[in-house]
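To keep things clear, I will list the structure first and then write my remarks on it.
The values are calculated or read from the model by the stated rules, or taken from the named source; none is laboratory data. All values reported here derive from a predicted model rather than from experimental measurement. Here the Cβ positions follow ideal geometry from the backbone for every residue, glycine too, while neighbour counts run over all protein chains shown.
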Amino acid sequence: MKHIFAVLLAGAILLAAPSAWSAPEEKPAAPAKDSPAALDARTTNIAVVLDGTDSIGARLGMKLKEAFNASNLFRLNEGDTPKMRLLVDTKPEFPSRPSAGSVYSVCWVYSQGEGYLNFLLSKEVGTVTMDEIDALVNRLVERTDGLAVKYANLWKGK
């Protein structure tokens, strides 16, 4: 009985040993590449068109362009491509005191390209002082992003 048990034990060791010896070495997994997700699907072509006669309005237009240029969600584009256009018009609130404030209007329109009729997406009218420009720019950029998401189907074919 001892011999049978010894033979079975030796056989089990021999059968188990080759699988332990031939097991492939486990290599550590290669670290994942640290690459950001492509934002092109979310990037919106945009153009800011300023029409104004006052310094506050000019500053508003430049700050808007700077904000869009700094954002990964927008690409400033003046070319003949489908894009969202911000039409910004400003006038002095009081003609006798041009630095007191400015009246502005912003129209967001979709432009398929030159020779196509623009499609009105939204509009806003208000007043702004030099101290309020940064807050207004942030709000307009946020609203622009919301409109870009809402009307994303217009940019799917770009």
*Mind listing just one residue for me: the one in segment 120-158 that is without any contact (Cβ under 8 Å) to a residue 40 or more places away in the chain and touching a helix residue (DSSP H, G or I) at 6+ places or on another chain (Cβ under 8 Å) and, of those, surrounded by the most Cβ atoms within 10 Å (Cβ to Cβ)?*
L121
*Could you check segment 54-128 for strands (runs of 3 or more DSSP E) lying wholly inside it with 1 or more residues that are more than 19 Å from the chain's Cα centre (by Cα) and over 18 Å from A148 (Cα atoms)?*
83-92, 102-111, 119-128
*Out of all the residues in segment 17-25, is one or more modelled with pLDDT under 90, of a type in the set (F, W, Y) and either surrounded by 10 or more Cβ atoms within 10 Å (Cβ to Cβ) or more than 30 Å from E93 (Cβ to Cβ) (or both)?*
yes
